[in-house]
1. Any residue in the range A:49-61 that is small (Gly, Ala, Ser), surrounded by 13 or more Cβ atoms within 10 Å (Cβ to Cβ) and free of Cβ contacts under 8 Å to residues at least 60 places away in the same chain?
2. Considering each residue of the range B:24-65, count those that are of a type in the set (Gly, Ala, Ser) and under 18 Å from A:Gly42 (Cα atoms), and give that number.
3. Could you say whether any residue in the range A:10-29 is at pLDDT 95 or above and of a type in the set (Phe, Trp, Tyr)?
4. For chain A, list the strands (runs of 3 or more DSSP E) that sit wholly inside it and hold at least 3 residues that are within 14 Å of another protein chain (Cβ to nearest Cβ) and over 15 Å from the mean Cα position of the chain (by Cα); which are they?
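The values are calculated or read from the model by the stated rules, or taken from the named source; none is laboratory data. Quick caveat: nothing in here was measured; it's all calculated off a predicted structure. We place every Cβ from the backbone using ideal geometry, glycine too, and count neighbours over all the protein chains shown.
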Amino acid sequence: SQQGEEDPQALSIQEGENATMNCSYKTSINNLQWYRQNSGRGLVHLILIRSNEREKHSGRLRVTLDTSKKSSSLLITASRAADTASYFCATGEMNRDDKIIFGKGTRLHILP
Amino acid sequence: NAGVTQTPKFRVLKTGQSMTLLCAQDMNHEYMYWYRQDPGMGLRLIHYSVGEGTTAKGEVPDGYNVSRLKKQNFLLGLESAAPSQTSVYFCASSGFNEQFFGPGTRLTVL
């Protein structure tokens with residue numbers, strides 16, 4: 001089954017800096033989503049980008065999608081301590097909107 | 001709205017015991033999912049449902065059964081628990097694309 005692979009596995013940055021996480025996948029997709037998981041909690045949906053979109057913004061989040069390279073990136077600008085969490089990309093298969101496949105995640109730690 | 005709720009939050013079982021995890025959603029979503037999350041493995045789909053009365057296998061279905069008798073509920077059963085089923089279990093629901101997650105159930109099988 002296809003699966004997103006996040007890179008890096010872990011990232012530590014200073015508060016106020018920008019954080020960039022990448023996701024690569026294997027086969028054609030209908031959409032790609034990013035989720036956040038705070039320690040010990042369930043996942044929370046952040047943003048969805050469709051296969052015909054190249055860039056999307058939501059507040060301090062910027063997501064790009066390059067279907068030719070089968071990759072996506074999540075940029076968090078002006079990071080805050082509250083952004084400390086794990087971030088997962090999830091891919092929806094073409095013509096299969098009923099389920100998505102999650103990657104293993106990037107652990108982001110914002111240093112004060 | 002409570003969103004997605006899971007019962008219980010924690011459980012310890014002995015090998016061979018059985019149990020049922022309950023997931024409930026109040027958003028009238030058609031799709032519901034059960035995942036397990038293990039360290040370094042991300043989330044893996046166990047079973048899912050695309051509507052009341054339907055179920056389908058996910059990536060790691062062995063050792064689990066599910067039922068969706070009512071649209072708002074999705075039950076995950078372990079008939080004979082094994083230590084390999086020690087994990088955190090998450091339920092999710094969706095209307096279309098975006099999934100809403102419950103808080104998780106931490107299960108330990110001794």
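1. Taking every residue of the range A:49-61 in turn, at least one turns out to be small (Gly, Ala, Ser), surrounded by 13 or more Cβ atoms within 10 Å (Cβ to Cβ) and free of Cβ contacts under 8 Å to residues at least 60 places away in the same chain.
2. The initial filter retains those residues of the range B:24-65 that are of a type in the set (Gly, Ala, Ser), namely B:24, B:40, B:42, B:49, B:51, B:53, B:56, B:58, B:63.
Add one more test, that the residue is under 18 Å from A:Gly42 (Cα atoms), and what stays is B:24, B:40, B:42.
Final tally of qualifying residues: 3.
3. no
4. A:96-102
Table: residues versus (1) surrounded by 13 or more Cβ atoms within 10 Å (Cβ to Cβ); (2) more than 11 Å from chain A (Cβ to nearest Cβ); (3) among the hydroxyl-bearing types (Ser, Thr, Tyr); (4) not in a loop (DSSP other than H, G, I, E, B).
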| residue | (1), (2), (3), (4) |
| --- | --- |
| B:Thr5 | yes, no, yes, yes |
| B:Thr20 | yes, yes, yes, yes |
| B:His29 | yes, yes, no, no |
| B:Arg44 | yes, no, no, yes |
| B:Gly53 | no, yes, no, no |
| B:Val66 | yes, yes, no, yes |
| B:Lys70 | no, yes, no, no |
